């Protein structure tokens, strides 16, 4: 048990640690700049770091700094190994050794980032705050292999001694980098496709499915709401100067609209972006030049692209280039040139993986080219919903406005009045505060909606003075927050009953809290009974679980549930429907209408208008499904259209309160009934949408239409945490059976299972061993442990206890084979060649379970799981052979492989492609896969294995792989693995081939591990084991 360390001592140790690693960082930079072949004294820093790490390790039980101290201990262990290696290299007294290869630039950049992270996380109780630093780029000399005459950028840490300056968009330290990234395109033989074909390709590549979703979900302005913005002065005499800004250059390039949460900023931005009067004023500014408009609505509740810098740039470029297609060669000069020499087939296969640097480079190129003969106006809403550094976002827009083309670019920006935006915009650009100007708009909204209702309207008859006073009181209580007014009006229309009077209306309004968070609390937790609250909790969990699953597989279209999915997920009684033997059929009109109406009522009742049902717009895509094409060509009844409508929060503030409010999420989830699991319900709903589709089901030999649904079902199945009824396995069986109904099998081919077609191409499968149990292998790739364990148990049981039916089938097969022997010799040879069973072993489950070892590589599959690998290694069978079992691999064709060799190849490839992080503190990084390697070694993985050379890498031994990783990353976990492997090899040699069991637990560092003591223990254990042998 660790000795308790006083709080003050922990704080001093944290500061000393930070100070020491900053000095180490500076020494590393000096090695690259001044001492690549000389001597750089690190001994004192090494000693200080070792002492500090030991002190922090001893105090890990201290509550206030435990997490940060644990991070520092692990980081210190990494750095001690790195410094040891640098000092050892210097001790060789060899002038040819380049220390930059011992401490590479990637490791220095990672150290700079870790220092920044630690400084931010330092407890506020620390009285002596560490100095501030900023990340900067410097040019350093390349290593010998990189050509020493060249310069390269290195991101380092520098003291923050001056206020941060706004950077022009061309600044390499700006938000989007230096823009030097190139598209990953291979040069092929020359072709000359039409320009419009290439333009369409680029636009399709820039587009993403959710790019218009937020804009279309924003409420449209009511009546004449916001018309005042086109007048010189408001009714309050405030000159907002918006029209002056639109039509002249006098006020600069940026206009800022700020407002309280829920004040209507997004609605105003949508109004301005699409209004003809806006365009008219901009044309006056352009003076006869063409005007290009583009807009973007950040949305924190939406897909990753809806809240990211890449999403912003992709959609802006898509809009601007759609209006200026002739600008594409200048916007993407390298890409345009390379597209011209691709064949049609190659271009179809090409998928562009846009990154922020490349998009920023293209955006600047477009601006440079377009402003020569036109002017540009951008409308960007929700800066506060950007998922990144707000200061850098502000720098980007200010850079556009103050750059060389500032007089030809306008930007209307909207955000909450946060300090970062007020500092940048409040005193330097024209602006307005929406809550101070929207009183009349809210008054007309309340009056129009209540007066138009037949029941409420009768209450206002002959009560003009009281009516006006009531409207004014309602608006005053809103205090400029349009969302509050909208929710209250909906509640008035819902709760007011025939025969009630003005007093009832006033009582309803006065009973509602004026602060939004308090209003949400009342509506959700206090205005409904326990059964209603329970259903509210269920719906909330369904929405949250879908957001998590869609984010994991990066499926923007699935981020929000539709009405039909919620209808099929809400009620437990639908379990029997999902597991029934019924064939796939189209849902009837009555079924769709009844379920959709019931679901919409339940959503509205439980959330009191906080959730909205929004029409689903078919997104732009290269290929529509047959069902969608039929639906578009033959519009169905309204209920079927409602089934596809998306359910989402009407405003970001609501989601913020539910997800981030003090204890709100936990309290609401606790109201769900025992055993409710949202992922299990969504797995069931996914199956039912396939078994009971709204549109006509189509059967075909084409999986693309169903693959997104299969992916979501598998992801939800993996995320299941509660399954009291043991439904997960049965539902996954039903998913297999349902997709099999859609899949048209090849006649006479019993092995033509749909899941087999998820592995490689047809040509590759034809030359490889058969994929046995393809569905089980697919589920393995998705990491669904419980299902795989149960299936393997049944397979082993089936093999050990063949049924009578199997015996009869075997006898009949033998008799049939005997009869075939009497046929003519030529025919016999032909049949034997045609029907001979392929007995080659294919890729085992263990290899599929460890396919994504170091990186998910933007796939839909999860990282390899130690618990899953443990299960497979502890239960070997003919269906699940061990780590050294030989099989025939797909690549290279016909090559022999083992799960252990495949694991080692993954590390070699990950190292080559940069998928392993330096100074990795993530529990799902090196720590996770090091545990998997240890499991393989415990299971007897061959430490003498050799990986053959390929086109990228030379031949290397198993031990050599971990020596390579240790040299590059200096991670304690990798050092541990390398030492274990070296000991296993030595023990094998000493024991003359006898297997020697190694006590792995003895050598586990753990979070509290002492690296020096660990090494001494290992040496002692090795000597003891050698002596005994």
Grab the Cα-Cα distance for residue 472 and residue 89, subtract it from 0.36 nm times how many residues apart they are, and report the gain in nm with one decimal.
129.9 nm
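Taking the highest mean first, how do the peptides 708-718, 352-362, 413-423 order by number of other beta carbon atoms within 10 angstrom per residue?
708-718, 352-362, 413-423
Evaluate E = 1/(1 + (r/R0)^6) for residue 197 and residue 353, where r is the Cβ-Cβ distance and R0 equals 22 Å; express this FRET efficiency to the nearest 0.05. Before the final figure, lay out each step's value.
Values: r = 21 Å, r/R0 = 0.96.
Using R0 = 22 Å, I get an efficiency of 0.55.
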State, as an integer percentage, the relative contact order of region 224-288 based on alpha-carbon contacts under 8 Å between residues 6 or more apart.
31
Segment residue 751-residue 951, extension gain: residue separation times 0.36 nm, minus the distance between their alpha carbons:
68.6 nm
How far apart, in nm, are two points set 7 Å out from the Cα along the Cα-to-Cβ line at residue 48 and at residue 304?
4.0
Gain in span if fully extended, residue 121 to residue 765, counting 0.36 nm per residue against the direct Cα distance
226.7 nm
Pairwise label distance in nanometres, residue 230 with residue 97, each label 7 Å out on the Cα-Cβ vector:
7.6
So, by mean Cβ neighbours within 10 angstrom, what's the order for 777-783, 20-26 with the highest one leading?
777-783, 20-26
Simple label model, 7 Å out from Cα along Cβ direction - residue 458 to residue 582, nm:
4.3
Wrap a convex hull around the Cα atoms of region 439-513, take a quarter of its surface area, and give that in square nanometres.
4.3
Which of rounded, prolate or oblate describes region 274-383 when judged by the alpha-carbon gyration tensor and an a/c cut-off of 1.5?
oblate
Compute the label zone of residue 511 within region 527-546: residues whose backbone N is under 18 Å from the point 7 Å along Cα-to-Cβ.
527-530, 532-533
Expressed as a rounded percentage, what relative contact order does region 437-511 have, with Cα pairs under 8 Å and six or more residues apart?
38
When only Cα pairs under 8 Å and 6 or more residues apart are kept, what is the percent relative contact order across region 231-374?
19
If I take R0 = 30 Å and measure r between the Cβ atoms of residue 838 and residue 789 in this structure, what FRET efficiency does the formula 1/(1 + (r/R0)^6) give, to the nearest 0.05?
0.60
Can you tell me the FRET efficiency between residue 701 and residue 737 if r is taken as the Cβ-Cβ distance and R0 is 25 Å, rounded to the nearest 0.05?
0.90
Note to self: C-alpha centroids of region 650-687 and region 741-794 sit apart, in Å, by 34
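Taken together, the values in this text are just the output of simple stated rules run on the coordinates, not laboratory data. Note that this is a predicted model, so its numbers are computed, not measured. Here the Cβ is made from the backbone with ideal geometry for all residues, glycine too, and neighbour counts use every protein chain on show.
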